[in-house]
Amino acid sequence: MKPGVSSERAIILAPTGRDASVAAALIKEAGYYANTCADIAGLMHEIEGGAGLAVIADEAIKTADLRGLVSWLNDQPPWSDFPIVLLTRQGGGPERNPDAMRLGQILGNVTFIERPFHPTTLVSIVGSAVRARRRQYETRGILEDLTASESLLQTAMNAGHLGALELRLPDFELEASSTCKSYFGRDSGAPFTYQDLLGAVHPDDRERRHAILQDTVDTGRDYRIEYRVIWPDGSQHWVDVRARAVRHRDGTIKSLVGVCSDITARKTAEIERETLLAQLAAERTALADLTATLEQRVEQRTTDLMKEVAARERAQEQLRQAQKMEAIGQLTGGVAHDFNNLLMAVMGNLDLLRKRMPGDPRLHRLVDGALQGAERGASLTQRLLAFARQQDLRAVPVDLGALVRDMGNLLERSLGPRVALRLDIPEELPPASVDTNQLELAILNLAINARDAMPDGGAIDIRLAAWQARNDPTLRPGNYLKLSVVDTGIGMAADVLKRAIEPFFSSKPVGKGTGLGLSMVHGLAVQLGGALQLASTVGKGTTATLVLPVATSAPAPASPAPAPQAMKRTAVILLVDDDPLIAMSTAEMLEDLGHRVISANSGPHALDILRSDQPIDLMMTDHMMPGMTGVELATVSRQVRPQLPVLLATGYADLSDGTQVDLPRLAKPYHQDQLREQLDHLLGQGAASDQHAVGAGVRAFSPSP
């Protein structure tokens with residue numbers, strides 16, 4: 001049979017007379033498919049093999065055993081409503097024929113045609129039934145895609161250790177997932193009502209929780225709170241609950257839908273940290289008392305041992321702060337790297353889902369919304385990686401004066417009419433070694449922070465100046481440029497200033513900031529070999545200064561865009577990734593682009609394939625894999641297949657020590673269009689020049705003493 005015949009054909013049961021042959025001929029002449037059968041058993045056999053509708057003469061089933069047919073109709077999946085056309089004798093329609101009425105009630109989706117029928121009537125009804133059946137098949141496909149999307153979302157929820165909950169208003173009916181129940185000490189099968197939740201809240205946190213919930217119900221603002229819960233076994237735990245209002249069409253709140261997570265470990269660590277800080281404060285107080293006693297006993301000592309003690313204390317404090325920020329940076333970088341991988345799977349599958357969806361605008365809006373959320377998550381991870389100094393930067397000599405002047409219009413539009421922007425840029429400043437895109441984002445962040453610190457308006461000065469570092473312990477001695485953003489705003493208290501660059505710390509109200517702006521700028525400055533210096537006075541304003549290293553060469557002139565390379569339409573690609581979720585998503589995208597994929601889950605596995613006779617046009621590998629990294633795999637692969645192009649896909653910028661990498665890199669998370677662009681470039685290059693460049697991509701070097 002041709003494609004579509006089985007799923008759209010009309011099965012005709014009319015064993016007496018010429019009705020079957022006439023109906024079949026008319027249906028086929030109209031461009032549809034039709035098969036005849038002799039009895040109910042034959043009808044069932046044909047329907048189970050796939051059909052669009054059934055055309056049945058009423059005399060063929062009046063006395064027949066219909067239990068099998070009725071059972072099949074009742075067991076249809078939710079998307080299916082199998083259409084039946086019932087041929088009755090003249091005057092035998094459902095209004096005048098109780099038997100026809102009974103059959104219609106038993107069989108469900110029935111259309112009656114009285115014989116003798118007009119050919120146009122039969123063809124019209126069959127056409128309508130086939131089109132309706134096609135819509136049912138489309139609905140089936142949509143439901144299957146939605147099921148896959150829900151599974152992907154659940155995977156992401158599980159990966160993030162998040163429980164789901166919904167609180168329906170106004171009756172406060174609670175529905176919670178098994179994971180959510182577990183965070184309140186309940187088994188997955190046990191009932192968990194809203195009253196159970198209220199009873200679990202720690203008595204000291206109930207009033208605060210009630211006030212925040214009432215504010216959400218009254219205003220529709222997002223619900224976000226951390227509080228303690230008491231499990232049935234008496235143990236105390238912490239939960240983080242976040243929810244958003246879902247509204248009726250009239251604007252009233254229908255329910256609160258959100259997630260919860262267990263933050264007991266983090267809260268315990270915070271309490272331990274506060275205890276440790278208190279102990280350190282007590283020790284510092286004791287040290288001060290001891291110093292005072294020594295001063296009283298040893299009068300001959302000059303005010304100069306005191307400067308030494310103060311300097312040592314400052315150095316110790318700086319060391320403690322540096323160690324704390326380093327630990328936070330490592331943790332932040334690891335979380336951002338793992339989250340990048342999750343976003344890679346989400347964005348890749350959403351890209352493919354959008355290409356295969358039917359033309360339903362609502363479904364496209366839903367998928368586009370999910371993609372926008374994933375892209376915002378990708379932007380968030382870039383900020384985290386910048387703070388952790390693990391973002392891939394490309395530092396080049398840049399004229400800072402020209403860069404700031406070029407940003408003038410953008411800054412003025414961002415700051416608004418109530419803020420005056422003033423530039424103080426001396427002539428003939430040396431170029432700085434920076435990443436242009438990241439520096440522009442940092443300047444914009446600092447300017448917006450300054451604007452937010454001046455709710456009644458004011459002035460912002462952006463100043464550039466040359467500076468030489470000599471005795472600053474945070475910088476290498478040498479020449480630098482200082483880029484300062486000065487505001488006349490409300491300023492920061494000492495305790496706020498001390499924590500200003502910590503990730504997720506913000507003095508702004510909830511919902512007004514991520515707490516990542518200054519931490520991103522700090523990470524960028526340190527990664528470039530500079531620093532972020534903050535000075536602030538309450539009521540007078542804040543000065544944020546980016547210290548950036550001077551470049552050793554002049555800015556490069558703009559070069560013309562390279563000519564597009566010829567695209568290789570199809571290729572055999574060796575895909576190497578130890579994460580099954582990422583490997584599956586990437587393979588789907590590659591195959592959708594027309595390539596054939598060979599998968600390997602480790603470096604040694606990939607080498608086994610490379611040593612075989614299998615033809616391979618390109619190898620695409622992740623970097624952070626156990627046992628053998630992607631860079632190490634690329635190095636060893638040169639010994640097996642020196643001519644093979646290699647594409648490194650990674651969201652992690654801190655590559656192996658002792659290795660300089662010039663491999664083409666694809667930053668995670670990426671869209672299918674970005675993947676196609678990289679592949680087209682690599683596969684379309686000339687063999688000689690391509691292999692010369694790629695073959696020199698990984699070079700071992702000895703670090704300077």
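Consider the stretch 602-642 and keep the residues that are part of a loop (DSSP other than H, G, I, E, B) and hydrophobic (A, V, I, L, M, F, W, C). The one that is surrounded by the fewest Cβ atoms within 10 Å (Cβ to Cβ) is 624.
Does any residue of the stretch 408-428 turn out to be of a type in the set (Asp, Glu), assigned to a loop (DSSP other than H, G, I, E, B) and either in contact with a Leu (Cβ under 9 Å, 6 or more places away or on another chain) or under 20 Å from residue 479 (Cβ atoms) (or both)? Looking through the stretch 408-428, at least one residue is of a type in the set (Asp, Glu), assigned to a loop (DSSP other than H, G, I, E, B) and either in contact with a Leu (Cβ under 9 Å, 6 or more places away or on another chain) or under 20 Å from residue 479 (Cβ atoms) (or both). Considering the stretch 466-505, the residues that are among the charged types (D, E, K, R) and under 21 Å from residue 536 (Cα atoms) include one that is surrounded by the fewest Cβ atoms within 10 Å (Cβ to Cβ), namely 495. Residue 261 falls short on exactly one of the conditions (1) surrounded by fewer than 17 Cβ atoms within 10 Å (Cβ to Cβ); (2) part of a strand (DSSP E or B), and that condition is (1). For first residues located in the stretch 170-198 and under 23 Å from residue 214 (Cβ atoms), partners that are of a type in the set (Lys, Arg) and surrounded by 12 or more Cβ atoms within 10 Å (Cβ to Cβ) and lie 6+ apart or on another chain with Cβ distances below 8 Å form the pairs 174/168; 175/168; 192/181; 192/186; 196/186; 198/206.
Condition check: within 42 Å of the chain's Cα centre (by Cα) and either on the phi > 0 side of the Ramachandran plot or outside any loop (DSSP other than H, G, I, E, B) (or both). Does residue 7 satisfy that? Yes. Residues in the stretch 518-546 that are crowded, with 23+ Cβ neighbours inside 10 Å and touching a Gly at 6+ places or on another chain (Cβ under 6 Å): 1 in all. For the stretch 422-449, filtered to residues that are of a type in the set (Asp, Glu) and touching a residue at least 24 places away in the same chain (Cβ under 8 Å), the residue that is surrounded by the fewest Cβ atoms within 10 Å (Cβ to Cβ) is 427.
Only one of the listed residues (5, 55) is closer than 28 Å to residue 139 by Cα and modelled with pLDDT of 90 or more. That residue is 55.
Tallying residues that are in a helix (DSSP H, G or I) and closer than 21 Å to residue 49 by Cα within the stretch 11-20 yields 1.
When every residue of the stretch 508-528 is checked against the conditions, at least one turns out to be more than 24 Å from the chain's Cα centre (by Cα) and modelled with pLDDT under 75.
The values are calculated or read from the model by the stated rules, or taken from the named source; none is laboratory data. Being a predicted model, the structure only gives us computed values, none of them experimental. Neighbour counts are summed over all protein chains in view; Cβ atoms, including those assigned to glycine, are modelled from backbone coordinates with ideal geometry.
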